[in-house]
Amino acid sequence: MSAEVVTIRDVAKLAGVAASTASRALGGGSASEQTRRKVQQAAEQLHFVPNQAAKQLTTGRSNIVAIMVPEEPDFIFRDAFVSGMIAQLSSSFTAMNLLPFLALTKPHDAQKFLTVLKSSGAAGVVVINFHYSKAFADALRQCGVPVVSIGTPHSAMRTPYVDVDNYQGGYDAATLLCERGCRHIAVIAGPTDMQAAVLRSEGVLAG
């Protein structure tokens, strides 16, 4: 026999408050610190797990964060950087009571990207390993939620991003090789639709 589902009303009853008050207290809404503590203790005692679908309906907000990886699936699980980044993001989001949603699309399938993102109900999106195309950039602008890129986006975009200094890295690598006497340096460049690869190559040439 399945266990009985604990509801916000059960939490409210144990805490001695109205259901609406309990909902506000758990959801970060207006409530005194004393009430917030009582409700939190009741929720922990009853092992209450909020219904995220109901929460989204009542608040109009979602705690889902989409992790979009516009790469071929086989590449994602073979690449240690990408798979490690997905694992770390998922762990960090979960620790903050956010629900990570992994969405895989082909590099330039902008329409699929937009469809998956909108159907997920995500309140924000992190894009890993961004391949640039105008259609993809337009899709990001149309998604209607905050977007952050891991990896330098194309210069035509205004998306906030987190990345290393790829240009300086390429420059430093070329400089070191020259200091060690190398005079014919080959560059194995990455995809030209990825700004990070372009910047590294430019840094090597400048060095």
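The table that follows gives values for the structure above.
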| quantity | calculated |
| --- | --- |
| Close pairs from segment 85-99: first in a helix (DSSP H, G or I), partner open to solvent by 60 Å² or more (accessible area, probe 1.4 Å), Cβ under 8 Å, at least 6 apart | ILE86/LEU102; SER90/LEU102; PHE93/LEU99 |
| Top-ranked residue of segment 120-136 - restricted to ones that are in a helix (DSSP H, G or I) and either at pLDDT 85 or above or of a type in the set (Gly, Ala, Ser) (or both), ranked as surrounded by the fewest Cβ atoms within 10 Å (Cβ to Cβ) | ALA135 |
| Test for ALA80: is it open to solvent by 30 Å² or more (accessible area, probe 1.4 Å), under 22 Å from ALA196 (Cβ atoms), modelled with pLDDT of 85 or more and among the hydrophobic types (A, V, I, L, M, F, W, C) | yes |
| Identity of the residue in segment 104-119, assigned to a helix (DSSP H, G or I) and β-branched (Val, Ile, Thr), that ends up modelled with the highest pLDDT | THR115 |
| Residue in segment 163-177 that is without any contact (Cβ under 8 Å) to a residue 40 or more places away in the chain, surrounded by 12 or more Cβ atoms within 10 Å (Cβ to Cβ), within 25 Å of LEU89 (Cα to Cα) and touching a strand residue (DSSP E or B) at 6+ places or on another chain (Cβ under 8 Å) present | yes |
| Candidate set: segment 137-158, residues that are of a type in the set (S, T, N, Q) and assigned to a loop (DSSP other than H, G, I, E, B); chosen: the one surrounded by the most Cβ atoms within 10 Å (Cβ to Cβ) | THR152 |
| Scope segment 137-150; condition modelled with pLDDT under 85 and farther than 15 Å from GLN111 by Cα; matching residues | none |
| Filter result (at pLDDT below 80 and open to solvent by 90 Å² or more (accessible area, probe 1.4 Å)) within segment 4-31 | GLU4, VAL5 |
| Among (1) open to solvent by less than 60 Å² (accessible area, probe 1.4 Å); (2) at pLDDT below 85; (3) not in a helix (DSSP H, G or I) - the single one PRO50 does not satisfy | (1) |
| Condition met for ARG183 (over 27 Å from the mean Cα position of the chain (by Cα), more than 24 Å from SER83 (Cα to Cα) and surrounded by fewer than 18 Cβ atoms within 10 Å (Cβ to Cβ)) | yes |
| Residues located in segment 106-122, provided they are more than 22 Å from THR152 (Cα to Cα) and among the aliphatic types (A, V, I, L, M) | VAL116, ALA122 |
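The values are calculated or read from the model by the stated rules, or taken from the named source; none is laboratory data. Bear in mind that the values here come from a model prediction, so they are computed numbers and not experimental data. Ideal geometry is used to build each Cβ from the backbone, glycine not excepted, and the neighbour counts take in all protein chains shown. Surface areas here come from the heavy atoms of the whole protein model, side chains and all, with no ligands, DNA or RNA. Shrake-Rupley method; radii C 1.70, N 1.55, O 1.52, S 1.80 Å.
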